[in-house]
1. Would you mind telling me the share, in percent, of accessible area of the chain contributed by carbon and sulfur at probe 1.4 angstrom?
2. Which order do the peptides 186-193, 16-23 come out in when sorted by mean C-beta neighbours inside 10 angstrom, highest first?
3. ³J(HN,Hα) across the stretch 207-220 via Karplus (A = 6.51, B = -1.76, C = 1.60, θ = phi - 60°), whole Hz, x for Gly/Pro?
4. Which entry is the computed log10 I(q)/I(0) by the Debye sum over Cα atoms at q = 0.06, 0.08, 0.11, 0.15 Å⁻¹ for this structure: (i) -0.22, -0.40, -0.75, -1.31; (ii) -0.26, -0.46, -0.83, -1.33; (iii) -0.24, -0.44, -0.85, -1.54?
5. Using the Karplus equation 6.51 cos²θ - 1.76 cosθ + 1.60 (θ = phi - 60°), what ³J(HN,Hα) coupling, rounded to whole Hz, does each residue of the stretch 128-143 give in order, writing x for Gly and Pro?
6. Set the Förster distance to 41 Å, then compute FRET efficiency between SER168 and ALA100 from the Cβ-Cβ distance, nearest 0.05.
7. Taking amide hydrogens as modeled 1.01 Å from N in the peptide plane, which residues meet the under 5 Å criterion relative to PHE161, leaving out close sequence neighbours?
8. How would the stretch 254-336 be classified by its alpha-carbon gyration tensor: rounded, prolate or oblate, with rounded meaning a/c under 1.5 and the a/b versus b/c comparison settling the rest?
Amino acid sequence: MEMITKLFKNNIRQYGMIIALVVIMLLFEVLTGGLLLKPINITNLILQNSYILVLAIGMVLVIITGHIDLSVGSIAAFVGAVAAIMMVDWQLPAWLAVIASLLVGALIGAWQGFWIAYVRIPAFIVTLAGMLLFRGLTMIVLEGQSISPFPGGFQKISSGFLADIQFSGFGLVSIIVGLVLTVWYIVNELRERRSQRKYGFEVVSQGLFLLKLIVVAVVTNLFTFVLASYAGIPNILVLLFVLIVVYSFVMNRTVMGRHVYALGGNEKAAGLSGVKTKKVTFWVFVNMGTLAAVSGLIFVARLNAATPRAGTNFELDAIAACFIGGASASGGIGTVFGAIIGGLVMGVLNNGMSLIGLGIDWQQGIKGLVLLLAVAFDIYNKNKRSA
């Protein structure tokens, strides 16, 4: 019991939000009469929140470094508009337009990163200016009108599914993917546990370890089974999975990731210990610009149109996802997985409240309250540890 208590205390942000997500899902499953967890709605949840989750992955790195980015919604809208002009008006191949759009996003991130890292203008001011600048440029580029439709192949980024083989109403490929992911997870966990023991690190008891493996295996296979009973695995879920794995690896296992955490924890100390703080800040914003471009492409592919009002409030949803997922407002703390959990909490709240018929006014108020409580919880734990 003491081990469980210690484990929970050491991971209270992560486990607390996972528990909150489960509770919220069960609550809305009851309130909606079983609609929330239907296969079609689970798929819609993934498609509806994919672009916010992509933004949250980049935003959590920005927040860990102690900065904020208010411009990502406008950048997503601008990149979507540029992509529409290239694909619809200029008739460029989709792959070429996508690469060019990502480069535009990276250049925008570099532009903002330069002012923040090297000129030392606060990120709040630079990105607020960026929010206004790129929103204006979006309207100028689109001339106040929507551009559509996009090529069918490009639309499949957001609306397509992996090719599957149907058997008795279920997709066999989706089920096999679930089994493969389970094996991959178990092998990785066993290797990690063996490595920790080898170097003398404390590990959880064998019983708790087995319980964790069983729970993750059951959840993973239930999830892929639900997807298999509808249309299979969405293409966008594959992209999200790759981004989560890659960014989790970078943040947890590479020098760059350690430098990002060090910069957010104490910039002066990081600089004295050899971290090139300006360079790290610069590349974090280049990365944010690139992921904002990815988000913009996903959004216009789903909407099948580039509109002047695209990306509105995306930055607020991404920031809220990071803070709800356990990122600290003062920097130095946060995880990619936590940001994804926070984004899912927001997504389930949006979807569940819509299903039970709550108006947009109530939805906004409840989401604001959830964000406030999440940050208050973070500050409470921080004060408790320092007392």
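The values are calculated or read from the model by the stated rules, or taken from the named source; none is laboratory data. Quick caveat: nothing in here was measured; it's all calculated off a predicted structure. Cβ sites come from the backbone with ideal geometry, for glycine too, and all protein chains shown count toward neighbours. Quick note on the areas: whole protein, heavy atoms, side chains included, nothing else; ligands and nucleic acids left out. Shrake-Rupley method; radii C 1.70, N 1.55, O 1.52, S 1.80 Å.
1. The computed percentage sits at 70.
2. 16-23, 186-193
3. With the stated coefficients, the stretch 207-220 comes to x, 5, 5, 5, 4, 4, 4, 5, 4, 5, 5, 5, 4, 4 Hz.
4. Structure-derived value, by its label: (iii).
5. Here the 3J(HN,Hα) series is 5, 4, x, 4, 6, 4, 7, 5, x, 5, 4, 5, 5, 4, 7, 6 Hz.
6. Taking R0 as 41 Å, the efficiency between SER168 and ALA100 is 0.40.
7. ASN235
8. Judged from the Cα gyration tensor, the stretch 254-336 comes out prolate (a/c at least 1.5, a/b above b/c).
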